[in-house]
1. Which three extents, in angstrom, do the Cα atoms of the protein assembly as shown have along their principal axes, listed largest first?
2. Below 8 Å, C-alpha to C-alpha, sequence gap of six or more: please give me the relative contact order for the range B:240-376 in percent.
3. Starting from the 7 Å offset along Cα-to-Cβ, what nm value, one decimal, do you get for the label separation of A:Val251 and A:Ala88?
4. For a test of the definition: using alpha carbon positions, the gyration tensor, and the 1.5 limit on a/c, classify the range C:9-118 as rounded, prolate or oblate.
5. Give me a comma-separated list of calculated 3J(HN,Hα) values for the range A:242-254, in order, Karplus coefficients 6.51, -1.76, 1.60 applied at θ = phi - 60°, integers in Hz, x for any Gly or Pro.
6. Can you tally the net charge around C:Leu106? Count Lys and Arg as +1, Asp and Glu as -1, for every other residue whose Cβ sits under 12 Å from the Cβ of C:Leu106.
7. Could you check the spin-label model distance between C:Val291 and B:Asp286? Points 7 Å from the Cα along Cα→Cβ, value in nm.
8. Would any residue of the range A:212-226 have its amide N under 19 Å from a label point 7 Å out along Cα→Cβ of A:Tyr132? List them or say none.
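The values are calculated or read from the model by the stated rules, or taken from the named source; none is laboratory data. It should be emphasised that the depicted structure is a prediction, and the values quoted were computed from it without experimental measurement. Counting neighbours? That spans all protein chains shown, and the Cβs are built from the backbone with ideal geometry, glycine included. Accessible surface is based on the protein model in full, side chains and every heavy atom, while ligands, DNA and RNA are left aside. Shrake-Rupley method; radii C 1.70, N 1.55, O 1.52, S 1.80 Å.
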Amino acid sequence: MSVSFALARSAGRRVLWFLFVGSLIVFMIGPIVWLGLRAFSGLWLYPQLLPKQWTVNGWRQVFNDPNLSHSMKLSFEFAPVVTVASAAICLPAAYAFSRYKFPGRRFLLISLFAVNAFPKIGLYISMAGVFYSLNLMATFLGVVIVQLIGTIVFMTWIPAAAFSAIPRSLEEAARDVGAGPLRVFFRVTFPLAAPAIFVAMILSFLASFDEAQGTFLVGVPKYITMPTEMYTLVLNYPEQVAAVFALLLAVPSVLLMALVRKHVMGGKLAEGFQLR
Amino acid sequence: MSTERRLDGAQQRAEAPASPAPERTDVGLQIEHVSKDLGGRTIVDDMQLEVKAGELTCLLGPSGCGKTTTLRMIGGFLIPDRGRVLIGGNDVTKMSPDKRPTAMVFQNYALWPHMTVFKNVAFGLRLRKLPRQEVSDRVAQVLELVGLTHHVHSYPARISGGEQQRVALARALVLEPKVLLLDEPLSNLDAKLRVRVREDIREIQQRIGITTVFVTHDQDEALSISDRIAVMSGGNVEQYADARSLYREPETTFVASFVGAMNSYEATVVPGGLELPGKLVVPCDDLSATGDGTFEAGVRPEDVHVSLNGDGAPADVVREVPRGHYKEIVLNAGPNEVRAFVSADLPPAEHVRISFTRALLYRDGVLQRSSAPVSV
Amino acid sequence: MRRRELREGAQGLLMVLPPVAVIAVFIGFPVVAAIAYTLGRAGGPNSVVASLGQRQFIVQHGVTLDAYRDVLGNKTIHRDLWATVWVTVLATLVVVVVSWAIALYLRLADTRLARIVSGLSVVPLFIPVVIASYAMLVFYSSDGFMRSVAYHLGWHSFPTLGFTLWCVFLAEVWVNIPFGVLMMSSGLNGVPNNLIEAARDSGASMPRVVRSILLPMNVIPTVIVATFTAIYVLGSFTVPYLTGPTAPNLLGPSMSNFFSAFNQPQQAEVLAIVVFVLALGIGAVYVWANVRTGKRSAVAP
């Protein structure tokens, strides 16, 4: 991709451009860096640009607090379960959306998205009624379901776009040399769509990992996950502890996203949002 | 934005002499010692080429020979690392594509999918802020020139490949460029259409007399429409000549093997002919040179004379391939394979005699020439 | 042939059934129930919530719009509604413009700096929203980075943006930029180089290429970014809850307030439906745009 033409030739425009880029960089990563500093700061008074003292007290406090470490453990239990469940439910659907013609196909594809336009808080309030009547309140399954419904859209859309991008002739060629439909799927279709499926699964993992309000509503008091705990922390703990906890909560996201960074930047995520 | 400065493509070109030298009308395009490195590799290496005004030149060569890179430097999409590009005597080496009097027809046409045929062609005229009426007149004219009168208000996706090709040509011609550039313009068409469109292109080019550079890897295409052909290899021109001399007297073994079919052998000149490996002496009427030591000898299949009996070296027929009005036969003459084009009337036989009517002798890949044709 | 189509159709329906069923039971049904509840029907799945709520408008037969009247007549809600609309419009605009700029920069000048900028602009995708909101709050708080730097530059009265709508706006932009950049880049990378070169060849300057070629060819991604960002901001809770002021704030936190602080679930649901209707209106634009260009480029070369 190189159509290299000078974008801004005049010096004045160039200065403006560098100002734009500079402030963009500060805007995008400044808050994260600043938060990182907080996590190790002792005494830090306005308007100092760096803390006066450095300390790991915040970290000690987080790891010694049984509530906090328990919530970390819980988060790591829910996220994989939700991801696998979501994949099991949605991947066949994604395949069907991309390969089969059936009545209401487009309507269903769009409704998946439409129901997600309903604000979560309002949804959780009225969902509570359903959960009560199904005895799902304060159960593991209940929390899984409430986290799962947030993952369905991209777990369907992104793989569906990836399946659609695979030429049918590749599948037909495999059928031609004698492979059965299942073998064709696992040997041809799946490997080709794997990067997009992987992206969708990581996004699903993180969505579950980050979900707070629904989990709080359904899981309380038994299941308090990290992000739910975060709300309490922000309001009730010293800033430093919250910063430490925030960093900890960000670690798995950063690691997982780094894993699929190439595919996400390569457009796997973007492709999922064009209706076909 | 520089459109204000120019009202019309043609006018702008006339009043924008980049160098004080008087405009030479006989020279369309000059490429002077141009080199270009891309990604650490030298793609075009000290290349020279001159195209006369109104001439159609083909850049012919295998992929990776630098022909497209050269074309892109003429069009301004790449700036040469060294050397100069001149159009009508004016240095345009560093001029951006929107400012130079060239127009390109891209390999896959590059029609803008969101504009109709009309809008695609009119785009450049509208940039020049021409009156509406003039725009539509000129678009209609140029569409007629390329033979496209239907589908004027269709989107490119709705018309056939051949029609898209014509739109691309019209879009390039409508600005009345000084140099028309075509980058493998026929590679996306099927075989039959390809022949027809290339003839159309040639006819249009001659009718408006525009200097044209045509890039292709198809020798047939190059031989049939060009005034001159520059055969390129390794970022440089191997030979620049018209179709006939290119075929009859390829200056290098590369050109000899790339253009047309050629039998080639390691040979020494002996009285009466050539001695090929296996101590086989083949009579030859016409050698390009004489001398001691070994040459690389090139013999066109049509210069192999095959007879059922009589003089000549013995050869065995391996197979015959009918080619319509003639046939190709593959022979074994000692350890050497010989291909020959012969009359379709020649009766089938197992053993024949061969001689060469003409052979080209090369040393270090370069054609060896005696001042006068040598008869032995 | 016909039978095969039928079989495929049936198989397809069967395969999409699981997620559709989950959505229908756990979203569709509650949404319908919520709509019934806001219209005064307290039976069925609403009975638990209704038995605890206060200031409800319930009817046994027919429907009533009293709950809507109550909420929409509320002056505080008016202010929240305006705050929501303004933050949504502003954030959407800024996200579209900035992500266009970044994607364009990357498309036209594939330099190392361009790649760094676009790499940094997707950082928020890696950060959970809770953390992001908290980080933004700390960054713009009274002892935050912005104020500290401004102080050292001699601007001692730099405003504290934390806990204001400005902070909400900035945080929403921050959270939505990655999606915007990814969509726009993907769209712009889909425009072949030779279409740009052909325009240059016809005499177009770079700004003109952007206007006449890149912009019209990138309408769909732009619409997608605008609609998804707007819908996200409209319904967002975490960002305004953590970074915004007590009042007026966006409708997300006020829904939560009606539910937990005032114990008025019906009013909370009314707000949810107001937001839902706004979001659906925006979503319709997205669907319309997709369908429209889907038709024209069905046989793109």
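1. Projected onto the principal axes, the Cα atoms of the protein assembly as shown cover 117, 70, 63 Å.
2. Details: 310 pairs, mean separation 42.4, N = 137.
Once divided by the residue count of the range B:240-376, the mean separation gives 31 percent.
3. 3.0
4. oblate
5. Karplus values, whole Hz, x for Gly and Pro: 4, 4, 4, 4, 4, 4, 4, 5, 7, 4, x, 4, 4.
6. Net charge in that neighbourhood comes out at +2.
7. Between C:Val291 and B:Asp286, the label points sit 7.4 nm apart.
8. A:214-222
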